[in-house]
Amino acid sequence: MTATLSEKDLEQHFEHTIEKDQRIEPRDWVPEGYRKTMIRQIAQHAHSEIIGMQPEGNWITRAPSLRRKAILLAKVQDEAGHGLYLYSAAETLGADRADLTEKLITGRQKYSSIFNYPTLTFADVGAIGWLVDGAAICNQVPLCRSSYGPYARAMIRICKEESFHQRQAYELLMTMMKGTQAQRDMVQDAVNRFWWPSLMMFGPPDAESANTAQSMAWKIKRHTNDELRQRFVDMTVPQAEALGVTLPDPDLKWNAERGHYDFGPVDWDEMKQVVAGNGPCNAERLARRRQAHEDGAWVREAAAAHARKMAEAK
Ligand code: BYC
């Protein structure tokens, strides 16, 4: 005899799983709000990885040596892989990957603001790897303990790869800093342009973050946006000193009382503009993604035809 569980029982089981710090798995019942939030965050994250291939991909053909080209190619391919694990994780929640892609290219789903800034010199490849991957690691290591199993597990591999990305970038910047004055200036200029947008990656301030409270209660997020932003600043200042660059913030200073670095105000209006689609490269990034999607139509058709043939042959 099988007993049917009521919605209340299912809800209790879900709450209990979260409370005990156990993972929610695809087979488990989840409240609709949890499913929606998870799909929203995972889809935005996947889109960010895929759009994030563009700014650095811009330098593959112009990398200054074969070694730098091989490293950059591997990094950009890693981002594609991250996108794929994440779209697969979203599918376990009932999302359809084609639908998510459609939402991205029609501007109905977001991706990280950081990828709407241009990459003007090769030093930007280093600045992105150091600061953007650095911010990503800071944000994503706690997500390895996120309550949704497939997302948390994807995050473990992603973080390992991001750590390699950050190290190769720091080595690239170190090499440039030991070069000519023109190379050092290039690094400083890249850091000046990427510092503030990197701080925006953590999301709006806690007081304006619509989703944090619920996502923390569901243990999707383990820390607030401001906590992680502070952690990133604290971690990065000594790295900047070791590199020999300055961070473009006159208010940045150690606060012994707080045990943290104080930093100046982030330009939240700029972030809002970029998220609303008005950043320097939003139109270009989406147009490129749309074109790539159209160019790939024949691959999707061929794969579907092959799958049909295989099914018929059985
Ligand atoms: N850009 O309530 P909040 C990478 C949106 S890829 C654009 O705090 P939440 C890499 C937010 O979505 C890096 N939008 O939201 C790749 C929400 O809008 P909706 C990507 C942003 O979700 C290649 C609204 O603002 N990382 O590492 O609680 C090369 C209010 O925000 C941004 C991830 O996706 C932004 N920066 O917290 C190198 C990590 N910030 O949906 C590196 C996973 C906020 O309500 N995601 N918004 O309309 C997260 O951890 C969280 O989603 C966030 C935001 C901390 C980003």
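Taking the Cα centre of the chain as origin and assigning +1 to Lys and Arg Cβ atoms and -1 to Asp and Glu Cβ atoms, the resulting dipole is close to 1000 debye.
In loop segments of the stretch 72-156 as defined by DSSP, the trypsin sites (Lys or Arg not before Pro) with at most 11 further C-beta atoms inside 10 Å of their C-beta are Arg108.
Within the stretch 107-180, the percentage of alpha carbon pairs spaced more than 14 angstrom apart rounds to 66%. Given His82, Gln166, Pro197, which one lies farthest toward the positive end of the charge dipole of the chain, if we put +1 on the Cβ of every Lys and Arg and -1 on the Cβ of every Asp and Glu? Farthest along the dipole direction, towards plus: His82.
Rg/Rh for the chain to two decimals, with Rh computed the Kirkwood way over all alpha-carbon pairs. Each step should come with its number before you reach the end.
Details: Rg = 21.2 Å, Rh = 21.2 Å.
Taking Rg over the Kirkwood Rh, I get 1.00.
Can you tell me the length gained on complete extension of the stretch Arg27 to Ala313, counting 0.36 nm per residue apart and subtracting the Cα distance? That works out to 99.9 nm of additional length.
Extension gain, Asn58 to Arg258, is 67.9 nm, computed as 0.36 nm per intervening residue step minus the present C-alpha separation.
Where in the chain are the helices, taken as whole DSSP H runs, whose Cα atoms extend 15 angstrom or more along the long axis and whose Kyte-Doolittle mean reaches at least -1.0?
On the way: long enough: 7-19 (18 Å, -1.61); 32-51 (28 Å, -0.65); 66-91 (38 Å, -0.06); 149-177 (42 Å, -0.32); 181-200 (30 Å, -0.59); 225-243 (27 Å, -0.61); 282-295 (20 Å, -2.11); 297-313 (24 Å, -0.21).
The qualifying helices are 32-51, 66-91, 149-177, 181-200, 225-243, 297-313.
Too long at a 25 Å Cα-Cα cut-off: which of Lys103/Lys272; Lys160/Lys221; Lys110/Lys309; Lys110/Lys221; Lys75/Lys110?
Working: Lys103/Lys272 20 Å; Lys160/Lys221 19 Å; Lys110/Lys309 37 Å; Lys110/Lys221 18 Å; Lys75/Lys110 23 Å.
Where the Cα-Cα span goes over 25 Å, the pairs concerned are Lys110/Lys309.
Residues within the reach of a label modelled at Ala297 (point 7 angstrom out along Cα to beta-carbon, backbone nitrogen below 15 Å), restricted to the stretch 96-121, are 102. Surface composition of the stretch 123-247: carbon and sulfur atoms hold 58% of the protein heavy-atom accessible area at a 1.4 Å probe.
Amide H contacts under 5 Å for Ser147: Ile220, restricted to partners 5 or more places along the chain or on a different chain, H placed in the peptide plane at 1.01 Å from N. Note on the stretch 55-97: along the principal axes its Cα atoms extend 44, 15, 8 Å, ordered by decreasing extent. Modelled spin labels at Arg288 and Arg97, positioned 7 Å past Cα toward Cβ, are 2.2 nm from each other.
Could you calculate, for the stretch 43-131, the ratio of the Cα radius of gyration to the Kirkwood radius, expressed as Rg to Rh?
1.03
Remark: the chain carries 51 Å² of accessible area per residue (probe radius 1.4 Å; ligands, DNA and RNA excluded).
Using the C-alpha atoms of the stretch 106-235, what convex hull volume per residue, in cubic angstrom, is computed?
Values: hull volume 15.4 nm³, N = 130.
Dividing the Cα hull volume of the stretch 106-235 by its residues yields 119 Å³.
Centre-to-centre, using Cα atoms only, the stretch 65-139 and the stretch 148-185 are separated by 13 Å. Modelled spin labels at Asp251 and Lys8, positioned 7 Å past Cα toward Cβ, are 5.1 nm from each other.
The values are calculated or read from the model by the stated rules, or taken from the named source; none is laboratory data. From a predicted model like this one, the values you see are computed outputs, not experimental measurements. All Cβ positions, even for glycine, are placed from backbone atoms using ideal geometry, and neighbour counts span all protein chains on display. Accessible surface is based on the protein model in full, side chains and every heavy atom, while ligands, DNA and RNA are left aside. Shrake-Rupley method; radii C 1.70, N 1.55, O 1.52, S 1.80 Å.
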